[in-house]
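Below is one structure, written out as structure tokens; the observations come after it.
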Amino acid sequence: MIGPTLLLMVGLVDLVRTVRLGRSLIARLVFLAAISVLVITGFGMCAAAVLVCAALAFGWTLAMSPSKPPARSTDVSPSFATPRLWPVIVLFVLVFGITAYDRTAGVAAGFLVDAYSLIALKSASSISLETVISAGAVAIFLVQSANLVTLAALGRAHQEDAAQGSADRGKADPAGAEQLSKWELYIRSSRVASIRPGEKTKPGSSLKGGRLIGPIERLLIVVLAFAGAPQIIAALAAAKGIVRFPEISEDRGSGSKAEEFLVGSLASWTLSAIAVLYLTLVRNG
């Protein structure tokens, strides 16, 4: 159960970060320490393995802290803080790899294991404790941690667009022609605005409700996937596009909202698919 424990700690510590008290590093360390004690005593897991999971979860919070790229005068894209993508790849590789080869669930012993055994006996449930913990860990991860992953994907897309735009302007404008290829607006001898030919305006406000719609959408997709309802998943994706169409159509100038919708949706759906694959691995393992 080391893999689900790692995923659970990451999801919980990201949820704590949304609370004012949990924004400090000390508060996150205390919270992870409390979770570690609960896991060790409740499931009888190896203390060293649990402490490694706690350390990795704390490293996740540090690595996924938003990094603000330096603002450059040649960039037309706004400079905003975004998490990184590489910790996501490392986390998924670790969780899948550990879960595939971990066999500690068979020797788990503790008061939480005893409590679940009693509940399963009364309800005649055949679902293993590892599957229950994995489902809970996935659900918690898809709420806040998945939002950070989606934000990292969006930030990566914006950075690539900004770099491509800067390269295109560098090829199109010869050296020393910057002042000749720019229009300026003066009012009473004061410059109030300037624009270069072909320059896109800054993107407007982002799509509203994404932080709330995203977790609900991801959880629904996972539930519907295990319920065997792919038609409803397709209808859900189509309905999302229809609902967002008015906002996207208003942004014909820069197309930033269309890009945000596509990248965000694909990232969210990918996370849901990974969650389904992981839960299938745990159930069949």
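The values are calculated or read from the model by the stated rules, or taken from the named source; none is laboratory data. None of these values were measured; they are calculated from a predicted model. Accessible surface areas use protein heavy atoms only, side chains included; no ligands, DNA or RNA. Shrake-Rupley method; radii C 1.70, N 1.55, O 1.52, S 1.80 Å.
Quick notes
Let's see how each residue does on (1) open to solvent by 60 Å² or more (accessible area, probe 1.4 Å); (2) over 21 Å from the mean Cα position of the chain (by Cα); (3) modelled with pLDDT under 90; (4) of a type outside the set (Val, Ile, Thr):
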site: Arg72; (1), (2), (3), (4): yes, yes, yes, yes
site: Asp75; (1), (2), (3), (4): no, yes, yes, yes
site: Leu85; (1), (2), (3), (4): yes, no, yes, yes
site: Phe92; (1), (2), (3), (4): no, no, no, yes
site: Thr104; (1), (2), (3), (4): no, yes, yes, no
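- Summed over the range 43-70, residues that are modelled with pLDDT under 90 and open to solvent by 70 Å² or more (accessible area, probe 1.4 Å) total 3.
- Checking Ala139 against (1) open to solvent by 50 Å² or more (accessible area, probe 1.4 Å); (2) assigned to a helix (DSSP H, G or I); (3) modelled with pLDDT of 55 or more, the condition it does not meet: (1)
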